[in-house]
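S.K.: Take a look at the following structure, please.
The values are calculated or read from the model by the stated rules, or taken from the named source; none is laboratory data. The shown structure was predicted, so the numbers you read here are calculated from the model rather than taken from an experiment. Positions of Cβ are backbone-derived with ideal geometry, glycine not excepted, and every protein chain shown enters the neighbour counts.
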Amino acid sequence: AHCVSKEALPANWRLSAVRLGEWNLETPQDCQFDKKGNQLCSDPPIDFSIEEEICHPLYNETTKKYDIALLRLQEKVNFNNFTTPICLPGSASSSASNYEGVAMGIAGWGITEQFNKSLKKLKALIQGENLERCKAKYRMDIDNTQICAGGEKGVDSCNGDSGGPLMFVQSFHGRESFFLIGVISFGPTPCGQKGFPGVYTRVDTFISWIQNTIRK
């Protein structure tokens with residue numbers, strides 16, 4: 001997740017639950033037809049109440065640094081074929097890549113080019129961008145706790161996607177697995193401008209904080 005200051009939310013709003021296993025918001029269960037015309041349906045999505053919201057203590061709303069949060073659920077998640085955990089990357093010290101030129105995936109129900117939130121989870125591939133060029137575009141300090149990615153016209157994360165994943169597929173124990181490389185933080189207004197990448201919190205620089213926090 002990413003951080004939201006209390007002042008940014010109406011007084012009567014509170015994050016109370018998360019939903020896992022969702023794709024199409026218009027249907028109680030997600031179904032598709034295969035090439036033979038057979039209907040294939042996933043398990044219904046499941047809502048989990050939130051026990052605790054833990055925003056990084058150094059989060060700065062102005063600079064958007066340390067824009068990462070954890071949600072502790074009230075009960076254990078039983079995973080299935082349609083709801084599985086994403087892998088955490090290794091620590092930043094073990095990763096020589098700054099992800100420049102690397103293809104990564106984003107997904108969410110955020111605002112589209114029609115300026116409406118999508119009712120189906122959309123996904124796209126974007127490429128990592130050079131941090132110095134990104135810093136020059138935004139005229140603000142962007143450091144190695146962040147990743148810049150995208151910049152192709154019309155292909156971007158947007159409002160409503162914040163807190164969602166920046167993903168990288170990598171072989172792990174002999175199979176392809178998704179790794180959570182970044183968390184969607186902020187980007188240009190309007191979204192999807194050519195030459196303006198989005199900015200993501202770089203997860204591998206927060207592995208120690210994540211591990212220490214979930215052990216408490």
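S.K.: Only one of these is without any contact (Cβ under 8 Å) to a residue 60 or more places away in the chain and under 26 Å from Asn24 (Cβ atoms): Ala136, Ala124, Ala107. Name it.
M.R.: Working: Ala136 fails: under 26 Å from Asn24 (Cβ atoms); Ala107 fails: without any contact (Cβ under 8 Å) to a residue 60 or more places away in the chain.
So the residue among Ala136, Ala124, Ala107 that is without any contact (Cβ under 8 Å) to a residue 60 or more places away in the chain and under 26 Å from Asn24 (Cβ atoms) is Ala124.
S.K.: Can you pull out every residue in segment 99-142 that is exposed (fewer than 15 other Cβ atoms within 10 Å of the Cβ) and of a type in the set (Asp, Glu)?
M.R.: Across segment 99-142, the qualifying residues are Glu113, Glu132, Asp141.
S.K.: For the structure I just gave you, tell me whether Ile111 is touching a Leu at 6+ places or on another chain (Cβ under 8 Å) and among the β-branched types (Val, Ile, Thr). First the steps, then the outcome.
M.R.: Details: touching a Leu at 6+ places or on another chain (Cβ under 8 Å): no; among the β-branched types (Val, Ile, Thr): yes.
Judged against the criteria, Ile111 is not a match.
S.K.: Filtering segment 143-180 down to residues that are among the aliphatic types (A, V, I, L, M) and surrounded by fewer than 22 Cβ atoms within 10 Å (Cβ to Cβ), which residue is modelled with the lowest pLDDT?
M.R.: Residues of segment 143-180 among the aliphatic types (A, V, I, L, M): 147, 149, 155, 166-167, 169, 180.
After this cut, where a residue has to be surrounded by fewer than 22 Cβ atoms within 10 Å (Cβ to Cβ) as well, the list is 155, 167, 169, 180.
Values: Val155: 95, Met167: 96, Val169: 89, Leu180: 95.
Among those residues, the one meeting the criterion is Val169.
S.K.: Among (1) within 14 Å of Gly187 (Cβ to Cβ); (2) within 13 Å of the chain's Cα centre (by Cα), where does Gly151 come up short?
M.R.: Checking Gly151 against (1) within 14 Å of Gly187 (Cβ to Cβ); (2) within 13 Å of the chain's Cα centre (by Cα), the one that fails is (2).
S.K.: While we're on this one: Can you go through Lys153, Lys135 and tell me which one is more than 21 Å from Pro85 (Cβ to Cβ) and assigned to a loop (DSSP other than H, G, I, E, B)?
M.R.: Result: Lys153 is the single residue among Lys153, Lys135 that is more than 21 Å from Pro85 (Cβ to Cβ) and assigned to a loop (DSSP other than H, G, I, E, B).
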